[in-house]
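Input: one structure, supplied below.
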């Protein structure tokens, strides 16, 4: 009897510590093509204005509370306005990478010598002591430039991540998953969409502010995780909002021309 009580005491004593260690390894990471102010007028009916979308976007991510979020297609002004509305987030300098303030930023940078029109930034972050890299890409549209951009990113990852830490590639590829630019990035990374046991993604990732017209399945936005990472689930966020239209009717609108793509993973 005494032995049983002592064993239970030990289990209770060490259980909180073990639970904390397990939670420390979990990461919620995503990518969001915001749609710049200049680009928004090219799609929809021209009424999908940033001033209207901004509160919806900030509320969406304040609810979701991702650990890390790579952003594409937005201006510095949009980034500043969004970051001010988000609760408990910081921006890695010059990277368009948002991270929860519970994480630590070690360093960050910009990949040089990218093909014209394409960008790649990176950040080295820590969650509860576990370090990892995030590479945030936004490639110019077109198969040849996207392929060249992927090649440059693969080389840069080897130059930056010399410790071979877990790493993620998030962002807009410029082409869909059927092109060489996509397969080139999979030599050391999994596509979280294809790897996750649980997937919630009904459409392709691009919607052009028009949900009713988006019946394709092509994906242009990605969360890729190094093969040492366990991918648990993947999903698109399909938040929307309504505007009052003429005739006292309402129209459902989307916060961007692309759906945010998110993954829940476990670091090794």
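Any read-out appearing in this document is the output of simple, stated calculations on the displayed coordinates, not a laboratory observation. None of these values were measured; they are calculated from a predicted model. Using ideal geometry, Cβ is built from the backbone for each residue, glycine included, and neighbour counts are taken over all protein chains shown.
Is it the case, given these coordinates, that residue 160 is out of contact with any strand residue (DSSP E or B) (no Cβ under 7 Å at 6 or more places or on another chain) and without any contact (Cβ under 8 Å) to a residue 60 or more places away in the chain?
Considered against the rule, which asks whether it is out of contact with any strand residue (DSSP E or B) (no Cβ under 7 Å at 6 or more places or on another chain) and without any contact (Cβ under 8 Å) to a residue 60 or more places away in the chain, residue 160 comes out as no.
Any chance you could count how many residues in region 196-207 are under 16 Å from residue 33 (Cβ atoms) and either part of a strand (DSSP E or B) or within 15 Å of the chain's Cα centre (by Cα) (or both)?
Number of matching residues: 3.
So, one more: Looking only at region 227-260, which residues are touching a residue at least 40 places away in the same chain (Cβ under 8 Å), part of a strand (DSSP E or B) and under 19 Å from residue 55 (Cβ atoms)?
241, 243, 252, 253, 258
A further question on this structure: Can you name every residue in region 81-122 that is under 21 Å from residue 64 (Cα atoms) and part of a strand (DSSP E or B)?
Result: 89, 90, 91, 92, 97, 98, 99, 100, 104, 105.
Can you name the residue in region 101-118 that is farther than 29 Å from residue 145 by Cβ and touching a strand residue (DSSP E or B) at 6+ places or on another chain (Cβ under 6 Å) and is also surrounded by the fewest Cβ atoms within 10 Å (Cβ to Cβ) among such residues?
This residue is 101.
Is it true that some residue in region 133-147 is outside any strand (DSSP E or B) and in contact with a strand residue (DSSP E or B) (Cβ under 7 Å, 6 or more places away or on another chain)?
yes
Failed condition for residue 175, given (1) surrounded by fewer than 17 Cβ atoms within 10 Å (Cβ to Cβ); (2) in contact with a helix residue (DSSP H, G or I) (Cβ under 7 Å, 6 or more places away or on another chain); (3) not in a strand (DSSP E or B), with all others met?
Only one criterion in (1) surrounded by fewer than 17 Cβ atoms within 10 Å (Cβ to Cβ); (2) in contact with a helix residue (DSSP H, G or I) (Cβ under 7 Å, 6 or more places away or on another chain); (3) not in a strand (DSSP E or B) is unmet by residue 175, namely (1).
This table checks each residue for (1) surrounded by 15 or more Cβ atoms within 10 Å (Cβ to Cβ); (2) assigned to a helix (DSSP H, G or I); (3) touching a strand residue (DSSP E or B) at 6+ places or on another chain (Cβ under 8 Å).
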{"residue": "182", "(1), (2), (3)": "yes, yes, yes"}
{"residue": "187", "(1), (2), (3)": "no, no, no"}
{"residue": "194", "(1), (2), (3)": "no, yes, no"}
{"residue": "218", "(1), (2), (3)": "no, no, yes"}
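While we're looking at this one, here's another question. Please specify each residue of region 227-254 satisfying the condition of being under 17 Å from residue 213 (Cβ atoms) and in contact with a strand residue (DSSP E or B) (Cβ under 7 Å, 6 or more places away or on another chain).
Passing the criteria: 236, 240, 251, 252, 253.
Which one of 98, 74, 69, 79 is in contact with a helix residue (DSSP H, G or I) (Cβ under 9 Å, 6 or more places away or on another chain) and farther than 26 Å from residue 143 by Cα?
98
When you look at residue 263, is it touching a residue at least 24 places away in the same chain (Cβ under 8 Å), in contact with a helix residue (DSSP H, G or I) (Cβ under 7 Å, 6 or more places away or on another chain), in a strand (DSSP E or B) and within 30 Å of residue 126 (Cα to Cα), yes or no?
yes
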